[in-house]
Amino acid sequence: MTTFAHIFFLKDAADLLEAGIHVLAHSIRDTRADPQFAEKIAEKGVILAPTLAREDAELAFAREGNPYFENHVFQKAAGNHLSSSRKLRTGGTRTLDELCHMRDLALMNFRTLTDAGVKVCLGTDSGFK
């Protein structure tokens, strides 16, 4: 059986690694992962399914002039939710600085893990709340 876990915190990823996880679904976004931890993930053959596009989109929604709101396909898909949802228009409850920091951590950790030889598969979240 293959086990996946949806992660955000480095500690959770470390605990799951010790428990025998097979796939870390999504990105570590709370702190930096060190190269030794990344090497351990690679040695155990754990696969990473990062959510870098999700982080970038959440940041875009928090910024003024969000490019998604000018996209015809997005406008059609969002429909009535586009004008009625404050959360959709602001990207949720995190500040712009927090979102930038989380995205930057996700990118740095992705680099650390891939440099250590961690295998990556494509995948993303279905969105954010």
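Here, each number is a calculation from the coordinates, and none is a lab measurement. Just so it is clear, the structure is predicted and the values come from calculations on it, not from any experiment. Note that we place each Cβ from the backbone using ideal geometry, even for glycine, and neighbour counts take in every protein chain shown.
Some notes on this structure:
- What separates the Cα centres of the stretch 96-118 and the stretch 31-58 is a distance of 8 Å.
- Residue-wise HN-Hα coupling along the stretch 18-29, computed from phi with Karplus coefficients 6.51, -1.76, 1.60 (Hz; x: Gly, Pro): 5, 7, x, 4, 9, 9, 8, 8, 4, 10, 6, 10
- Dipole in debye (nearest 20) - the chain, about Cα centre, beta carbon charges: Lys, Arg +1; Asp, Glu -1: 440
- Estimated inter-spin distance, residue 94 and residue 44, nm [label 7 Å along Cα→Cβ]: 2.4
- Largest GNM mean-square fluctuation across 19, 49, 60, computed for the chain with C-alpha springs under 10 Å, falls on 19.
- Extension reserve of the residue 18-residue 81 stretch, reckoned as 0.36 nm per residue once the Cα distance is removed: 18.5 nm
- Sorting 20-29, 35-44, 102-111, 62-71 by average packing, meaning the other beta carbons within 10 Å per residue, from highest down gives 20-29, 102-111, 35-44, 62-71.
- Potential lengthening of the chain between residue 71 and residue 111 amounts to 11.4 nm, from the contour at 0.36 nm per residue minus the alpha-carbon distance.
- Between residue 56 and residue 104, residue separation times 0.36 nm minus the direct Cα-Cα distance comes to 16.3 nm.
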